[in-house]
Structure formats: C-alpha cells, structure tokens
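Novice: Got a structure for you, written out below as structure tokens; questions coming shortly.
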Amino acid sequence: MTEMAGEVRAAAAPVAARPVAGLSKAVAGWLQAAPLAAILLAFLVAPIAMIVVVSFWKATEFSIIPAFSFENYEFLFGSPVTYRVFLATFKYALVTWAATLAIGFTVAYYLAFHIRSQTVQIALFLLCTIPFWTSNIIRMISWIPFLGRNGIANQALIDWGLIDAPLEWLLYSDFAVILAFVHLYTLFMVVPIFNTMMRIDKSLLEAARDNGASGFQTLVHVILPLTKPGIMIGTIFVVTLVMGDFITVRFMSGSQKANVGRLISNDIGLLQYPSAAATAVVLLCTVLIVIGILLRFVNIRKEL
C-alpha cells in the first residue's frame, strides 16, 4: 500500500509541476519583452499620444490653452490651402516613388543578376552608399551651383548650342525639389529590392530560359513577382520619408513651394503648437492609410 501511494505521488508530481513551469516560462517571456515594450511606450506611444492630446488644445498669439476643442481640425479641413498642400505632397511622393523605383530596380537588377563576383557586388553596393557619408543638407546645397541660372548645367547647354538663354525652371522649382528627393532617397529603394533579388533561386531563371521564355518574360513572370516584397518595403520607405520631409522643399524651391511638412514647420515657427499637432496627426493618419493600402498587395512579413 505504501509503495502504491509512492508511485501515485511520483506520477502526480510532474503533472503538478507543469503549470508552474508554464507560468515561469510566461513570466520569463514577459520579462524579456518588458525592456523593448518600455522603450516603445516611452519613445513612440507616449510622444504620439501627447501630439494627439495637444492637437485638441486651443492657442492664441501669446499662449496655449489646454482646453478640449475641435477648432484646429475645423480650421485645417475648412481651409483650401490644406488641400492644395496635401495635393502637392502626394505629387512629390508619387513622382519621387516612380523615379526611385525605376532607378532602384535597374541598379538592383544589374547588381544581382549581371555581376557574378560577390566581391564586386559588395564594392558596387558600397559605392551606392557613398552619398550617405555626407549630410542631406550638404547634398542638397550641392545642386544649387549646378542648377542655378549661371550654373554648370545652364552653361553647358548654352555652350552646346541647345538653348539660347538659361533655363529658369532648373532651380527653385518642382523639378529641383523632386530631383533632390530622388537623389536623397533612391538608396532606400535599392537596398530592399537588391536584398530580395539576391534571395531568388537562380535555378528558376534557368528553368524559365529552358522553357523558351525571353528575357522580358522572365523579368515579368518570375523576377517581378518574387521582388514584390522588396518593392513594397522600398515604397514604404520612400513615400513616408518624402511626405514627412520639409527641409528639402524649403531649400530646393527657394521657399516658393510647400508640402505638409513645411506647413507643420511654419506653425511651429509661429509657436502654434496645437495647429502643428493637428496637422501632424492628419499626416500620420494619411501615411498609415497609404501603408495599409500598400500592405494589402503583398505580405512583407516573409521578407522581414
């Protein structure tokens, strides 16, 4: 009888220990996630929450009144300037996205499928990163003497006999703004596309050629579908960066153009923090909607 009771206790011991072991694993998991969760709460969730709260406050020329009000949003959505500025922002984002996608896909395709040596691939890829070794502002300012009325571009066109007078639209125009955006953010399109292309099994390309597919058919039916995650990641990077940028628009347009970022910057300069916060909230929601739409087309979790 005593031996039977001992066997029952021995059999029951592991069963009783399982909940404790499961509980300890759960606690360990929460403890491991706690530092990252605390950082996200402190540096991401809390600032966004504060911006949302401030966007409902009132403001005068001399003070900020912490009273709940919709007047910032009413003024924002009731002004035609807001819609023109958002339209200009979408225009910059769309044109920049198209240009960076064309350049980024071409560069990534060349590096991934036409360069056989891994050493040369790495060297050429690092060459693409050289512009990032300097400040964005320095890279923007470097375009001014090149595109100016008496700049290198105009002088070269006049010397070649292509134009009789300097082109005014090369600098301080939408062209200059988009050119600077493409210069600044093309690498954000190259990197994810190149990373995705390097994961493509080369035997799939050989199988396509063996089945009589042309180079264009292989590109459309094999490479493009497998590169969609990289294209979407690059698109998210470029679109969000362009929509939030304001210093590029200020410098390259000569303060003659505006986007949502400049609208926020101007409000902050005038100490109209509630108005700036309301515009920032609308911009954030717009960017999240755009990202949500993009994520409907492809699942980038596999890429991440």
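Novice: Output the residues belonging to segment 53-80 that are farther than 19 Å from Leu270 by Cα, aliphatic (A, V, I, L, M) and part of a helix (DSSP H, G or I).
Specialist: Answer for segment 53-80, where residues must be farther than 19 Å from Leu270 by Cα, aliphatic (A, V, I, L, M) and part of a helix (DSSP H, G or I): just Val53.
Listed here are the residues, each with its yes/no results for (1) touching a strand residue (DSSP E or B) at 6+ places or on another chain (Cβ under 6 Å); (2) among the aromatic types (Phe, Trp, Tyr); (3) at pLDDT 80 or above.
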residue: Met4; (1), (2), (3): no, no, no
residue: Ala11; (1), (2), (3): no, no, no
residue: Pro19; (1), (2), (3): no, no, no
residue: Gln32; (1), (2), (3): no, no, yes
residue: Pro35; (1), (2), (3): no, no, yes
residue: Ile39; (1), (2), (3): no, no, yes
residue: Ile65; (1), (2), (3): yes, no, yes
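Novice: Now a separate question. Tally the residues that are buried (at least 16 other Cβ atoms within 10 Å of the Cβ), within 26 Å of Gly230 (Cα to Cα) and small (Gly, Ala, Ser), restricting the search to segment 88-117.
Specialist: Number satisfying all stated conditions: 5.
Novice: Looking only at segment 115-130, decide whether some residue is of a type outside the set (A, V, I, L, M, F, W, C), modelled with pLDDT under 85, within 24 Å of Ala98 (Cα to Cα) and not in a helix (DSSP H, G or I).
Specialist: Checked segment 115-130: at least one residue is of a type outside the set (A, V, I, L, M, F, W, C), modelled with pLDDT under 85, within 24 Å of Ala98 (Cα to Cα) and not in a helix (DSSP H, G or I).
Novice: Which one is farthest from Ser275 (Cα to Cα), of the residues in segment 60-87 that are β-branched (Val, Ile, Thr) and surrounded by 12 or more Cβ atoms within 10 Å (Cβ to Cβ)?
Specialist: Val85
For (1) within 22 Å of Phe77 (Cβ to Cβ); (2) of a type outside the set (Asp, Glu); (3) touching a Leu at 6+ places or on another chain (Cβ under 7 Å); (4) buried (at least 18 other Cβ atoms within 10 Å of the Cβ), each residue gets a yes or a no:
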{"site": "Ile233", "(1), (2), (3), (4)": "no, yes, no, yes"}
{"site": "Asp245", "(1), (2), (3), (4)": "no, no, no, yes"}
{"site": "Phe251", "(1), (2), (3), (4)": "no, yes, no, yes"}
{"site": "Leu263", "(1), (2), (3), (4)": "yes, yes, no, yes"}
{"site": "Asn266", "(1), (2), (3), (4)": "yes, yes, no, no"}
{"site": "Asn299", "(1), (2), (3), (4)": "no, yes, no, no"}
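Novice: For segment 149-178: of the residues being surrounded by fewer than 13 Cβ atoms within 10 Å (Cβ to Cβ) and in contact with a Pro (Cβ under 9 Å, 6 or more places away or on another chain), which is farthest from Val95 (Cα to Cα)?
Specialist: Filtering segment 149-178 for residues that are surrounded by fewer than 13 Cβ atoms within 10 Å (Cβ to Cβ) and in contact with a Pro (Cβ under 9 Å, 6 or more places away or on another chain), the one farthest from Val95 (Cα to Cα) comes out as Asn150.
The values are calculated or read from the model by the stated rules, or taken from the named source; none is laboratory data. Every value quoted in this text rests on a predicted model; they were computed, and no experiment measured them. Heads up, the Cβs are rebuilt from the backbone with ideal geometry, glycines too, and the neighbour counts pull from every protein chain shown.
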